[in-house]
Amino acid sequence: MTALSEPNPHRVVGPFHDGEREAQLRAGVADVALENGSRGIRDYMPDQHRAFFAMLPFMVFGGVDASGQPWATLRANTAGFVSTPDSRTLRINGGALPGDPLAGHWTSGARIGGLGIESHTRRRNRVNGVIETVDGDVVTLAVKQSFGNCAKYINGREPVFIDDAVTHATVERADTLADDDRALIARADVFFIATANLDDTAGAAGGADVSHRGGMPGFVRIDDERTLTVPDFSGNHFFNTIGNLLRDPRAGLLFVDFARGDLLYLAMRAEVIWDGPEVAQFPMAQRLVRFELTEVRRVRAALPLRWSAVDYAPQFKESSTAWRTLRVAGVHDESPSIRSFHFEPVDGRPLAPFEAGQYLPLRVTMPGSDKPLMRTYTLSAAHDAAHPARYKISVKRDGAVSRWLHEHASTGSLIDTLAPRGSFKLDTRSPRAIVLAAAGIGITPMLAMLDAAQALEPERRIHLFHATRGEHERPFAAALRDIERARERVGAPVR
Ligand SMILES: Cc1cc2nc3c(=O)[nH]c(=O)nc-3n(C[C@H](O)[C@H](O)[C@H](O)COP(=O)(O)OP(=O)(O)OC[C@H]3O[C@@H](n4cnc5c(N)ncnc54)[C@H](O)[C@@H]3O)c2cc1C
């Protein structure tokens, strides 16, 4: 007897191909994606989009080269270089920039994804289609899918087209990230990503796609000279990028050096990390995408544009500079002079995640003063997936604020805090032994790091040195002994 075959739950439905459906189902948003996608994804450009594209001095495109490798690229020219003879045709009158990896691959029948973005007004619209004609620098695209994207996560920056800017562009290729590339990625607050699903089964829902990714500088984590890890924030639930990656893991990333006009093109292979403790290390991340490098192309002085200073997106500004009141959920003494405080939210919103080693800024207003004093205290326990609604700090009674906390902060007290921050973090990607050295209360970041190492890498060796005034004032001795015993059991003791 043969079993009846199940209908494929990831088949093409509405405007989505099976990879997109798979990602939507995995994220639990398939119904809302289908409802929004069926309404919002059209096969023609509305007038508003047509007027928008005509104002842009640059547009981002995604396509594939002869090997099928996707690349994200830019075309730039004076405003009006993109036009729409009718609602189903996009006309691009601007040739490839020097070093464009898609130069020569824009031929009749090629599938292209387009993204028009005006970051200073945070508007962006997408248009995907097939190249109909190429006549010198003029390309016409038959539109297959057109839709708008929301303003979220777009850091504002206004471009101006400079006619004669590109005179000395140079192109280099490599297979690892150089120091300059890493510096550019480390300060990047935006990149573009091209992906494609060109499988016949994807039908009209397939093709090439290009998408914007924004964050605060540092949101792209450089793991080593070939690996990047990037948070995926809550978006429109369409999963165009991740859906493509589930069918073809190749991606093209594009980083722009806004000061120098350099472009850094990266050919990558991507893996989606759907959940697990690593996700909690990235503020606001719903999941992560890890990229392994296959090729670097850097083009210096490629862009004929100059840019205004950045104005960070409200989503990032809120999380990094907005004061948020937390309630003291518990207090206990670690030693005669050190007291730990647990905090929990009062507004029902989740606490911002943090990485082991980071600190919590807080402010208190002393009696008799109207000016608050701001101090920073390390989060002395790692982000705990089981208790994500708690922060812990451990404070040595010392001066004004620490004494106030000891004497006045008790369960129920309300304290203003900023989102956790700081660059002193545990390198969870290195295979080498961890060496931690601290004196007195300076052990607080190491406590969080020990905690994180327990969860993330129980087999890595750890050497901990802790100097104290004497055994009677050795804080956290019991907690350290517990960690030591737990690690001895897995053969990776703390020494
Ligand atoms: C990244 C980071 C992480 C930190 N993590 C922790 C942590 O986990 N735990 C922790 O306890 N602290 C931590 N600190 C230190 C903390 O931020 C405060 O600096 C500390 O609590 C002192 O602030 P205060 O207001 O209590 O002291 P303040 O009033 O600012 O006094 C600072 C120092 O001056 C001394 N002082 C003040 N007035 C006088 C005076 N008239 N004469 C002589 N000396 C004086 C005080 O005794 C104290 O030693 C951290 C600091 C940083 C930068």
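Summing charges over all other residues whose Cβ lies under 12 Å from the Cβ of GLN24, with Lys and Arg as +1 and Asp and Glu as -1, gives -3. Annotation: amide H of GLU295 within the under-5 Å range of ALA267, sequence separation 5 or more or interchain, hydrogens built in the peptide plane. Note that region 76-91 has calculated 3J(HN,Hα) couplings of 9, 5, 5, 3, x, 5, 9, 9, 9, x, 8, 6, 10, 10, 10, 10 Hz, one per residue in order, obtained from phi through the Karplus relation 6.51 cos²θ - 1.76 cosθ + 1.60 (θ = phi - 60°); glycine and proline are x.
Shape call for region 316-417 from the C-alpha gyration tensor, a ≥ b ≥ c root eigenvalues: rounded (a/c under 1.5), prolate (a/b greater than b/c) or oblate?
Values: a/c = 1.64, a/b = 1.19, b/c = 1.38.
Here region 316-417 falls in the oblate category.
Go ahead and run the numbers for FRET between SER67 and HIS332, Cβ-Cβ distance against an R0 of 60 Å, rounding to 0.05. Given R0 = 60 Å and the Cβ-Cβ separation, E is 0.50.
Taking amide H atoms as placed 1.01 Å from N in the peptide plane, the amide H of TYR153 lies under 5 Å from those of GLN315, each 5 or more residues away in sequence or on another chain. Computed 3J(HN,Hα) for region 249-257, one whole-Hz value per residue from the Karplus formula 6.51 cos²θ - 1.76 cosθ + 1.60 where θ = phi - 60°, is x, 7, 9, x, 9, 10, 10, 10, 8, glycine and proline marked x.
How would THR376, THR411 line up from fewest to most surrounding beta-carbon atoms within 10 angstrom? It would help to have the intermediate numbers written out before the result.
Numbers: THR376 15, THR411 11.
Lowest to highest Cβ neighbour count: THR411, THR376.
Working from Cα positions, state the angle (0 to 90°, nearest 10) between the long axis of helix 18-27 and the longest principal axis of the chain. Once rounded, one gets 20 degrees. The label point for TRP274 and the one for ARG187, both projected 7 Å from the Cα toward the Cβ, are 3.9 nm apart. Taking amide hydrogens as placed 1.01 Å from N in the peptide plane, the amide H of THR84 sits under 5 Å from those of ARG91, each at least 5 positions away in sequence or on another chain.
Bridges between two residues of the chain, per DSSP, are antiparallel at a rate of about 95%.
Length available on full extension from TRP323 to THR78: 0.36 nm per residue minus the Cα-Cα distance, which gives 84.0 nm. By the count of other C-beta atoms within 10 Å, a proxy for reagent exposure, TRP404, TRP274 are ordered fewest to most as TRP274, TRP404.
Length available on full extension from ASP482 to HIS120: 0.36 nm per residue minus the Cα-Cα distance, which gives 125.1 nm.
By other beta-carbon atoms within 10 Å, ranking ASP179, ASP311 with the fewest at the front produces ASP179, ASP311. Each eigenvalue of the Cα gyration tensor of the chain, multiplied by 5 and square-rooted, gives one semi-axis; in descending order these are 47, 25, 23 Å. Charges were assigned to the Cβ only: +1 to each Lys and Arg, -1 to each Asp and Glu. The resulting dipole of region 434-489 about its Cα centre is roughly 80 debye. Each residue, TYR44 and GLU407, gets one label point 7 Å from its Cα in the Cβ direction; the gap between the two is 7.5 nm.
Read-outs: derived from the displayed coordinates by stated rules, not from any lab. From a predicted model like this one, the values you see are computed outputs, not experimental measurements. Positions of Cβ are backbone-derived with ideal geometry, glycine not excepted, and every protein chain shown enters the neighbour counts.
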